[in-house]
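**Student:** My questions all concern the structure below.
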Amino acid sequence: MLYTPFKTAQDFERLIHLGETSESIHWDYKQSFSPKKSEDFAIDLAAFANTFGGTLLIGVAEKSDGVKKVASGFVPGINVEEIRKTVHTHISEIISPKTDVQVVPIDISGNLIVAINVEPSVNLVGVCLDKDRRSFSFPYRTEFGNRFMTFEEVENRMADNKTRAMYLKLKKYIPSGGKVNVYPAPIANNKIEWRFEWIHNSENEIRLDQNGYRSIDIPISFIEEVWNGRGGICLKLSERLYCGSPNFLDFEDSEDVAIFKQTLKIYAEMHRNLRSDR
C-alpha cells in the first residue's frame, strides 16, 4: 500500500477502525507524548523516513488482539504545541540529515490527536543516540516495529541511492495496477502498454504485466526515467526487452540476451546482403 499522510479526520477514519486496525509499516500508535522520550520518537521518525514513509498517531490508545496491537480509543490531554516544539527542536537536532516532518492536529468527533507525518527519504536518515553526539544509528520500519540496520545494510543502502530515488519517484507517479507505456518498445511486441504492479515490501524490483499473458519482474535500477506523457505514465528502460513467446529475455547482463542480440545482428547482416544482391 502506498504511504498516505494523515491530514484530516476522514484520512484517519478511512484507514483506522477502532478495535480492528493494527499498527503497520506505515503507522504507529502512541497514547501520549513526553519530551523526555525524544530519542524514542526520533527513532520512530527516522525509521519511517528510511522505509516507505509513515505516521506517528499521538493520542491513540492501543490494546493487544493476541497477535498485534490494535487501536482501541483516544486519550485526552494531548498538548499540540508541546509536540510541535519538541519535534522541531530536540528531535530535529538528533536526526540527520533533516527530513520532511509535519505535525498535524486532527479532531475526530471531539477527540484531539496529533499526526506526525514523515515522508520517505532518498538519503539514509540516522539518529544520534550517544551523549557525545558522534555516532549514528539507522533504524527502519517493519510490520512488527522498528529494527536497526547492520553495518552491511547501511553500506548497501548508501551505495544504492539512485535506485532508492527512482523507487520514490515511481511511488509518486504510479499506483499498483496502473497502466504504463514502456520505451523503447519491447522487441517482438507491438503493444507498449503494460500494467504496473508493486512487489510487496520490495523497493528493488517492480512487475510489468501484459493482460495476464506476459509478466516480468524488473530491477528498479533497470529504469532510467519515469514521466507523465500524453498517453499516460511512461517508463524508459536502459535495455530493450525481448518479449518472444513463451519467455522473456531481459536484463543487460543476461547470457540469453547476449545470444539474442548476436542473432539479431546476424539476421540484420543477412537482410543487408539480400538487398545488395537484388
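The values are calculated or read from the model by the stated rules, or taken from the named source; none is laboratory data. Just so it is clear, the model here is predicted, and its values are computed rather than measured. Note that each Cβ is placed from the backbone with ideal geometry, even for glycine, and that neighbours are counted across all protein chains shown. Remember, those area values only see protein heavy atoms, side chains included, never the ligands or the DNA or RNA. Shrake-Rupley method; radii C 1.70, N 1.55, O 1.52, S 1.80 Å.
**Student:** Need one number: nm distance between label points at residue 119 and residue 269, each 7 Å from Cα along Cα→Cβ, rounded to one decimal.
**Tutor:** With each label point 7 Å from Cα toward Cβ, the separation is 5.3 nm.
**Student:** Counting only protein heavy atoms, what percent of the accessible surface of segment 1-157 is carbon or sulfur at a 1.4 Å probe?
**Tutor:** 49
**Student:** Quote the FRET efficiency, to the nearest 0.05, computed for residue 147 versus residue 81 with a Förster distance R0 of 35 Å and r equal to the Cβ-Cβ distance.
**Tutor:** Once the sixth-power term is evaluated, E becomes 0.65.
**Student:** For segment 149-182, list residues with backbone N below 20 Å from a point placed 7 Å from the Cα of residue 204 toward its Cβ?
**Tutor:** Only 149-171 fall inside the zone, counting backbone N under 20 Å.
**Student:** Same structure, new question: Work out from phi, with θ = phi - 60° and the Karplus expression 6.51 cos²θ - 1.76 cosθ + 1.60, the ³J(HN,Hα) of each residue of segment 73-84, listed in order in whole Hz, and give x for Gly and Pro.
**Tutor:** x, 10, 10, x, x, 6, 9, 5, 5, 5, 5, 4
**Student:** Another question about this same structure. What full-extension length gain, to one decimal in nm, is calculated for residue 165 and residue 236 as 0.36 nm per residue of separation minus the Cα-Cα distance?
**Tutor:** 24.0 nm
**Student:** Mind running the shape call on segment 97-179? Use the C-alpha gyration tensor, a ≥ b ≥ c as the square roots of the eigenvalues: rounded below 1.5 for a/c, prolate if a/b tops b/c, oblate otherwise.
**Tutor:** Oblate.
**Student:** Using a 1.4 angstrom probe, figure out how much accessible area segment 1-142 has per residue, in square angstrom, rounded to the nearest whole.
**Tutor:** 47
**Student:** Calculate, in nm to one decimal, what residue 92 and residue 158 gain on full extension: separation in residues at 0.36 nm each, minus their alpha carbon distance.
**Tutor:** 21.6 nm
**Student:** With r defined as the distance between the Cβ atoms of residue 185 and residue 14 and R0 fixed at 45 Å, what FRET efficiency is calculated, to the nearest 0.05?
**Tutor:** Plugging the Cβ-Cβ distance into 1/(1 + (r/R0)^6) gives 0.70.
**Student:** For the residue pair residue 64 and residue 224, what label-to-label distance in nm results when each label sits 7 Å from Cα along the Cα-to-beta-carbon direction?
**Tutor:** Distance between the two pseudo-spin positions: 5.4 nm.
**Student:** Still on this structure: Take the Cα pairs of segment 96-136, get the Kirkwood Rh, then feed it into Stokes-Einstein at 25 °C and 0.890 mPa s and tell me D in µm²/s.
**Tutor:** In µm²/s, the coefficient is 194.
**Student:** Ordered by packing density, taken as the mean number of other Cβ atoms within 10 Å over each peptide's residues, highest first, how do 35-43, 118-126, 15-23 rank?
**Tutor:** In decreasing order of mean packing, 35-43, 118-126, 15-23 become 118-126, 35-43, 15-23.
**Student:** Let me ask something else. Once you have the alpha carbon radius of gyration of segment 26-71, what is it after dividing by 2.2 N^0.38 Å, with N set to its residue count?
**Tutor:** 1.20
**Student:** Can you tell me how segment 24-106 classifies by the Cα gyration tensor, rounded, prolate or oblate, using a/c under 1.5 as the rounded cut?
**Tutor:** The shape class here is oblate.
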